[in-house]
1. Restricting attention to region 202-217, does a residue exist that is under 45 Å from the mean Cα position of the chain (by Cα) and farther than 27 Å from Lys110 by Cα?
2. Return yes or no: is Phe112 open to solvent by 100 Å² or more (accessible area, probe 1.4 Å), hydrophobic (A, V, I, L, M, F, W, C) and modelled with pLDDT under 90?
3. Does Val221 count as of a type in the set (Val, Ile, Thr) and touching a strand residue (DSSP E or B) at 6+ places or on another chain (Cβ under 6 Å)?
4. May I ask you to say which residue of Lys87, Lys104, Lys69, Lys80 is outside the structural domain of Pro218 (by the TED database), open to solvent by 100 Å² or more (accessible area, probe 1.4 Å), at pLDDT 85 or above and closer than 30 Å to Ile216 by Cα?
5. For region 183-227, what are the residues that are open to solvent by 70 Å² or more (accessible area, probe 1.4 Å) and aliphatic (A, V, I, L, M)?
6. For region 134-171, which residues satisfy the criterion of being open to solvent by 90 Å² or more (accessible area, probe 1.4 Å) and not hydrophobic (A, V, I, L, M, F, W, C)?
7. Read through the list (1) modelled with pLDDT under 85; (2) open to solvent by less than 80 Å² (accessible area, probe 1.4 Å), then give the number of the only condition that Pro52 fails.
8. Which of the residues belonging to region 124-143 are at pLDDT 90 or above and of a type in the set (Asp, Glu)?
Amino acid sequence: MACSTLTSGYRLTRLVLDRSSTVSRNIFSLIPSSLRSYSASPEESKDTSSIPPPGETETEKKLKAELEKVSAESKSLLEKVSELDDKYKRLLADRENLRNRLTKQIEDAKIFGIQSFCKDLLEVADILGKATESVPKEEVKDNNPHLKNLYEGLTMTEAQLLKVFTRHGLLQVNPLNEKFDPNLHEALFEQEVQGKEPGSVVVVSKVGYKLQERCIRPALVGVAKGS
């Protein structure tokens, strides 16, 4: 009887232990795999030397260093590109300025290349003008045909010379009764003149000339002085 009771108790104990083991396994299976290492037995949880510390791996460190190096090189190249672009734009601007200056010099050479020749011809025009002015108008009559023909020849020559001057851009500057302009006129004297505005030209001793817009000989004038 006692033996039978012992056997029954043993079987009951074994059944309880089997059921407990099955329940434990079912509960363990429900725990995520990422947490199973931390939910292990106390002996296993005490040994953490095999778990790698959180942080960057060697590969990540190398990739990060390479990325920083490439970023620095890219920044340096961008600065060089910006510098070269600025130099290129400056070079283009200098080239354009040089081209404009050379074009202007060529045009001026074409226009003002005859300046010295024009200055020499001005003396001829002055002589012709004085020659016609020195002839008394009352003497130019039909009863004096030689003087009349000479005077008409001089006036025609002077008029033709002035036409040639005008054709080549050489213009007379005769500023009588105009405002004095220091760029075109040279004042020889000042005098008070009734009815004339101060600073206006009242006498032209010698006409001036300008080639295009450049004065090659200023007009010699007398200027009215304020009272």
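1. No, region 202-217 contains no residue that is under 45 Å from the mean Cα position of the chain (by Cα) and farther than 27 Å from Lys110 by Cα.
2. no
3. Considered against the rule, which asks whether it is of a type in the set (Val, Ile, Thr) and touching a strand residue (DSSP E or B) at 6+ places or on another chain (Cβ under 6 Å), Val221 comes out as yes.
4. Among Lys87, Lys104, Lys69, Lys80, only Lys104 is outside the structural domain of Pro218 (by the TED database), open to solvent by 100 Å² or more (accessible area, probe 1.4 Å), at pLDDT 85 or above and closer than 30 Å to Ile216 by Cα.
5. Leu188
6. Within region 134-171, Lys137, Glu138, Lys141, Asp142, Asn143, His146, Asn149, Gln160, Lys163, Arg167, His168 meet the criteria.
7. (2)
8. The answer is Asp126, and nothing else.
The values are calculated or read from the model by the stated rules, or taken from the named source; none is laboratory data. In this text the structure is predicted, and so the values were computed from the model without any measurement. Using ideal geometry, Cβ is built from the backbone for each residue, glycine included, and neighbour counts are taken over all protein chains shown. The protein model used for the area step is the full one, side chains on, heavy atoms only, and it has no ligands, DNA or RNA in it. Shrake-Rupley method; radii C 1.70, N 1.55, O 1.52, S 1.80 Å.
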